[in-house]
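Chemist: Before I ask anything, let me first share the structure, which is written out below as structure tokens.
The values are calculated or read from the model by the stated rules, or taken from the named source; none is laboratory data. All values reported here derive from a predicted model rather than from experimental measurement. Positions of Cβ are backbone-derived with ideal geometry, glycine not excepted, and every protein chain shown enters the neighbour counts.
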Amino acid sequence: MSSSPSPSPAPTAVILAAGLGSRLRGVRSGPKGLLELGGVTLLERMLAAVHAAGVRDVVLVTGHEAEQFAPLLEQRAPTVRCVHNPDYARTGSMHSLWLARSAVPGDLLLLESDLLFEPRAITALLESREPDAVLLSGTTGQGDEVHALGDETRLRALTKRKPAGEASLGEFVGITRLSAVTFAALCRHYEANVAFPSNYHYDDGLTAVAATQRIGIVAVPDLCWAEIDDEAQLERARRVVLPRLDASADPGPVPRKILLNPGPCTTSWAVKRALLMPDLCPREAEFGDLLDRVRSKLVATAEAQASHTAVLLGGSGTLAVEAALVSLVGPGNRLLVIENGAYGRRMEEIAKAHGLEFRTVRLPWGGAPDLAAVEAALAEEPAPTHCCFVHHETTTGMLNPLAELVAACRARGIVTIVDAMSSLGGVPLDLRTVPADCVVASANKCLQGLPGVAFVLVRPELLARAGDRPRRSLYLHLPDQWQAQEKERQFLYTPPVQVLHALDAALDEFFAEGAAARHARYAACHAVLVAGMKRLGFTCLVPPAWQSGLLTTFLEPSDPRWDFAAMHDHLYARGVTVYPGKVPGLRSFRLATLGDLRVADVERALGCMADHLRAVGLAAPGAA
Ligand code: PLP
């Protein structure tokens, strides 16, 4: 499919740098933007970040000791335009901003000059769909915080005095995006309500304007940043923030994409950055430490520390499914494949390719699974010794009843092999209470790692038993791979070192977020998606009770104006990837809400879809 990005015009960056910086007098007297950290001024860092985000037009509002900026601007940033606030000593930041109005031709990106932050702060704001938005972070503990109040998507107030009992939506970073319309409203509010001179700040102006004008919220909870107003904050910036920025060795922001395909998924910056690591020989102890860490974290994702071991393979998920089947289903064993989608069918293909003895129980795709048919197949003589099935059938977005299927197999002493490729990490999976024998998944779906590593969580006694049998495959023989990883702390053959390193970072994020919080985030994204798609007139294939909450199949409208490829191209040009359907004979498409996505991303995707539908005259395509 073709893509033709249509960039929106870049805003003008307005940097407020007029203040006295009086609380830093003990350290230095000049403008705070000229403070050097790690040998680079705050202003230079800010200009680099703004520039890297594609914003070339910059207005600097100077005041206190304005002349000090001249050498830096002449040598390093000659295109920056300056506006001077001669009343800087008796006015607040709103007056400085107001003075800049005639230098700003359209939308603006507003920044305070005393900030040290990760460059992704700016891309997050500019990539947001909100034309007016404040940037919020999680708790910094830096003191003098400005809290944002409102609902999850709309600002009501910015305040340093948060009312008791009211939750803060986050800390205001001091970076804001304003449309020309809202900026004009802000200036009008200032002119009409504030007598000159006044120490009035634009935070208060935004609060006033937010009563009538929508001002959105862009939250980057893990953003590392500092405001530098006093010595304690300067110290924190030097000790805490600067080392993190240096460690990130940020080569410039990588555009963030919203991937609604079911993996490889949208990943965090930390996961992408983990690819940048010192070259490492995988026969070194350092690699062994990494492998140990990843293996022990993987078993913990399914609460299986006491019962299962992790065996990793360099390759895609199918490779690990194939390894599990060829290693665990031995000569004389009989496999039952439960098939209600393309990935169940793939397991059948694997069994066929390796000449395993198998039967298949076929169930309708996307509907409620017929457990009686499964029971009958399990009971059929000669009885199966192994049973394999898919937990989340990514073909349709339906979640098979894992607990019931595992219980039915265990009651008959049948070994269970579960493809949890697109569910592990995204929905609860506790192998202490749902004791599947073998679970297969990959790094790049709900665990939010990068593609290239897949793994098997398996009971070691099954591997030991399989190790006594002749190999069906050299590479895919799990007992050999396990021995190498367990005893030698190495892969048997060359591992994807950097991808493993990224998986380690992704697992750290998984545990930092917490499994329950991740499940809740995914559920919230799914709920917003389904409600939004319904408003747009689309219908889901899978009934709500069986929806995974991770991927949703939508039926394509029959209207001749509907064209999935056109919709795809419209969204792709705006950084959103959607995915075709996979059910034979059914016109459908799929939207996954797994990965490092937030509700705001889903809303953005829905907004792009609504724009496209309107443009082609299909306001509510399926509603007719
Ligand atoms: N099983 C399931 C349930 C999947 O969703 C997928 C891929 O989407 C696979 C297996 C195959 O994984 P891969 O494409 O990584 O080989």
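Chemist: Kindly indicate whether Asp370 is among the charged types (D, E, K, R) and in contact with a helix residue (DSSP H, G or I) (Cβ under 6 Å, 6 or more places away or on another chain). Before the answer, list the steps.
Modeler: Working: among the charged types (D, E, K, R): yes; in contact with a helix residue (DSSP H, G or I) (Cβ under 6 Å, 6 or more places away or on another chain): no.
Considered against the rule, which asks whether it is among the charged types (D, E, K, R) and in contact with a helix residue (DSSP H, G or I) (Cβ under 6 Å, 6 or more places away or on another chain), Asp370 comes out as no.
To keep it simple, each residue is scored yes or no on (1) surrounded by 14 or more Cβ atoms within 10 Å (Cβ to Cβ); (2) without any contact (Cβ under 8 Å) to a residue 60 or more places away in the chain; (3) within 16 Å of the ligand (Cβ to nearest atom).
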| position | (1), (2), (3) |
| --- | --- |
| Leu363 | yes, yes, yes |
| Gly366 | yes, no, yes |
| Ala376 | no, yes, no |
| Ala383 | no, yes, no |
| Phe389 | yes, yes, yes |
| Val406 | yes, yes, no |
| Arg410 | yes, yes, no |
| Ile417 | yes, no, yes |
| Gly426 | yes, no, yes |
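Chemist: Filter the range 364-380 for residues that are farther than 17 Å from Glu349 by Cβ and assigned to a loop (DSSP other than H, G, I, E, B) and give the result. Full working, then the answer.
Modeler: The initial filter retains those residues of the range 364-380 that are farther than 17 Å from Glu349 by Cβ, namely 364, 366-380.
Scanning the range 364-380 gives Pro364, Gly366, Gly367, Ala368, Pro369, Asp370, Glu380.
Chemist: Going by the structure shown, is Thr267 within 30 Å of Glu118 (Cβ to Cβ) and within 16 Å of the ligand (Cβ to nearest atom)? Steps first, please.
Modeler: Details: within 30 Å of Glu118 (Cβ to Cβ): yes; within 16 Å of the ligand (Cβ to nearest atom): yes.
For Thr267, the condition - within 30 Å of Glu118 (Cβ to Cβ) and within 16 Å of the ligand (Cβ to nearest atom) - is met.
Chemist: Applying the selection to the range 568-600, what residues are of a type in the set (Asp, Glu) and under 21 Å from Ser268 (Cβ atoms)?
Modeler: Of all residues in the range 568-600, those of a type in the set (Asp, Glu) come to 569, 596.
Matches in the range 568-600: Asp596 only.
Chemist: Continuing with the same structure: For the range 428-451, give me each residue that is surrounded by fewer than 23 Cβ atoms within 10 Å (Cβ to Cβ) and either within 16 Å of the ligand (Cβ to nearest atom) or modelled with pLDDT under 95 (or both).
Modeler: Pro451
Chemist: Consider Ala454 carefully, then state whether it is modelled with pLDDT of 95 or more and within 30 Å of the chain's Cα centre (by Cα).
Modeler: Working: modelled with pLDDT of 95 or more: yes; within 30 Å of the chain's Cα centre (by Cα): yes.
Against the criterion (modelled with pLDDT of 95 or more and within 30 Å of the chain's Cα centre (by Cα)), Ala454 qualifies.
Chemist: Going by the conditions given, is Pro282 in contact (Cβ under 8 Å) with a residue 12 or more places away in the chain and within 16 Å of the ligand (Cβ to nearest atom)? Walk me through how you get there before you give the answer.
Modeler: Numbers: in contact (Cβ under 8 Å) with a residue 12 or more places away in the chain: yes; within 16 Å of the ligand (Cβ to nearest atom): no.
No.
Chemist: Here is a list: Arg535, Arg574. Which entry is surrounded by 21 or more Cβ atoms within 10 Å (Cβ to Cβ) and farther than 27 Å from Met421 by Cβ?
Modeler: Working: Arg535 fails: surrounded by 21 or more Cβ atoms within 10 Å (Cβ to Cβ).
Selected residue: Arg574, the only one of Arg535, Arg574 that is surrounded by 21 or more Cβ atoms within 10 Å (Cβ to Cβ) and farther than 27 Å from Met421 by Cβ.
Chemist: Further question on the same structure: Considering only the range 308-343, state which residues are charged (D, E, K, R) and either within 16 Å of the ligand (Cβ to nearest atom) or assigned to a helix (DSSP H, G or I) (or both).
Modeler: Restricting attention to the range 308-343, the residues satisfying the condition of being charged (D, E, K, R) are 322, 334, 339.
Once the filter is applied, which keeps residues that are charged (D, E, K, R) and either within 16 Å of the ligand (Cβ to nearest atom) or assigned to a helix (DSSP H, G or I) (or both), the range 308-343 yields Glu322, Glu339.
Chemist: Counting only residues that are within 16 Å of the ligand (Cβ to nearest atom), in contact with a strand residue (DSSP E or B) (Cβ under 8 Å, 6 or more places away or on another chain) and of a type in the set (A, V, I, L, M, F, W, C), how many does the range 344-361 have?
Modeler: Number of matching residues: 2.
Chemist: So Ile15 ticks every box in (1) of a type outside the set (Gly, Ala, Ser); (2) part of a loop (DSSP other than H, G, I, E, B); (3) touching a Leu at 6+ places or on another chain (Cβ under 8 Å) but one. Which box is left unticked?
Modeler: (2)
Chemist: If you go through the range 381-418, how many residues are in a loop (DSSP other than H, G, I, E, B) and over 28 Å from the mean Cα position of the chain (by Cα)? Working first, answer last.
Modeler: Just the residues of the range 381-418 that are in a loop (DSSP other than H, G, I, E, B), to begin with: 381-385, 391, 394-397, 400-401, 412-414.
Next cut, over 28 Å from the mean Cα position of the chain (by Cα) only: 381-385, 412-414.
Looking only at that region, the number is 8.
Chemist: For the range 370-388, does any single residue satisfy the condition of being modelled with pLDDT of 95 or more and in contact with a Gly (Cβ under 6 Å, 6 or more places away or on another chain)?
Modeler: no
Chemist: Does at least one position in the range 452-462 carry a residue that is more than 19 Å from Gly288 (Cα to Cα), buried (at least 24 other Cβ atoms within 10 Å of the Cβ) and not aromatic (Phe, Trp, Tyr)?
Modeler: For the range 452-462, residues more than 19 Å from Gly288 (Cα to Cα), buried (at least 24 other Cβ atoms within 10 Å of the Cβ) and not aromatic (Phe, Trp, Tyr): present.
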